[in-house]
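Written out below as structure tokens is the structure these notes cover.
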Amino acid sequence: MNNIFSNFNNSNTSDSQHYHNSASNTPNSNDTRSSTPGSGFGSPALSAKSLNLKTEKPRPRHSYSFDRDVRRRPARKRTSNDQLAMLLEVFERTDSPSYDVREDLAQKVGMTNREVQVWFQNRRAKVARQKAADERARQQREDRLARKAGQPSGSQKAHSNSPSV
């Protein structure tokens with residue numbers, strides 16, 4: 001057992017020498033690993049440099065890169081007043097138009113079907129947010145009025161009906 005681990009530990013100490021030598025294809029006299037590719041545990045790691053492959057720098061994920069070849073997201077498209085009026089008119093009739101309705105509307109307003117679809121998704125989310133905010137405001141008003149009158153509020157009523165133990 002000690003022999004296996006001693007070989008493993010000895011081979012790890014010369015890793016930097018091994019990589020430099022594998023790139024120049026000169027064997028390292030201190031390296032106990034096999035030099036044939038794919039020969040198992042002791043085979044040297046293959047790198048792009050040792051295989052003479054081109055390596056590219058990874059592209060940054062942030063948009064403030066100074067490289068000129070980085071592809072940028074297209075500028076945000078804002079809807080004009082005319083487009084908004086047509087979109088809202090259809091939204092009042094249905095908040096989830098079919099593919100055909102979206103396609104027809106997209107041609108009329110000069111947008112793609114996907115842009116119209118995303119607009120409807122965003123508008124449905126906005127309406128849901130507004131409904132939730134209105135409901136919270138209504139509940140707060142009721143709670144305030146109930147506290148002034150000295151009666152339990154709607155949220156307190158639900159808790160007061162629970163059985164006491």
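Using a simple spin-label model with pseudo-atoms 7 Å out from Cα toward Cβ, E92 and R124 lie 2.1 nm apart.
Shown are K131, K148, whose ranking by accessible area with a 1.4 Å probe and every protein chain present, most to least, is K148, K131. Summed over the residues of segment 69-114 and divided among them, the accessible surface reaches 85 Å² per residue at a probe radius of 1.4 Å.
When all protein chains stay in place and ligands, DNA and RNA are ignored, the 1.4 Å accessible-area order of E115, E92, largest first, is E92, E115.
The values are calculated or read from the model by the stated rules, or taken from the named source; none is laboratory data. Quick caveat, the model's predicted, so the values are computed rather than measured. Backbone-built Cβ (ideal geometry, glycine too); neighbour counts: all protein chains shown. The accessibility values were calculated without ligands, DNA or RNA, using every heavy atom of the protein model including side chains. Shrake-Rupley method; radii C 1.70, N 1.55, O 1.52, S 1.80 Å.
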